[in-house]
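Below is one structure, written out as structure tokens; the observations come after it.
The values are calculated or read from the model by the stated rules, or taken from the named source; none is laboratory data. Source: prediction; values computed, not measured. Cβ: placed from backbone, ideal geometry, glycine included. Neighbour counts: every protein chain shown. Keep in mind that these areas ignore ligands, DNA and RNA; they rest on the heavy atoms of the full protein, side chains included. Shrake-Rupley method; radii C 1.70, N 1.55, O 1.52, S 1.80 Å.
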Amino acid sequence: MAAASAVRAVGRRSRRFFDIFVAEVPWTVSSKEVKEYFSQFGSVQRCQLPFDRDTGFHKRYCWIKFSTPEDVHNVLQKDSHILEGSKV
């Protein structure tokens, strides 16, 4: 019984994601490119780049979900992040 509880607890923890918010994303950058860039810091589970329905362009910000807090820590260790020549 205790082992089953431990497995469920580990399963819940393994589904947790750790998010960062990225602003000033150049409108020419795709979510695939953002995900590829941030993958160098850890395991990116998801990159959500919302689009404006009226313009068809993304809103120049995104959320990136990492697997572990260490991945987020790795991102924050770098002073600045540059995508297509723009600091994000």
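Which ones in region 61-75 are open to solvent by 50 Å² or more (accessible area, probe 1.4 Å) and touching a residue at least 40 places away in the same chain (Cβ under 8 Å)?
Step one: filter region 61-75 for residues open to solvent by 50 Å² or more (accessible area, probe 1.4 Å), giving 61, 63, 69-70, 73-74.
Within region 61-75, TYR61, TRP63, PRO69 qualify.
A quick yes/no check of all residues on (1) open to solvent by less than 70 Å² (accessible area, probe 1.4 Å); (2) free of Cβ contacts under 8 Å to residues at least 60 places away in the same chain; (3) among the charged types (D, E, K, R):
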| site | (1), (2), (3) |
| --- | --- |
| PHE21 | no, yes, no |
| SER39 | yes, yes, no |
| LYS59 | no, yes, yes |
| LYS78 | no, yes, yes |
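Which of the residues spanning region 43-57 are in contact (Cβ under 8 Å) with a residue 24 or more places away in the chain and open to solvent by 50 Å² or more (accessible area, probe 1.4 Å)?
Selection gives SER43, GLN45, ARG46, PHE57.
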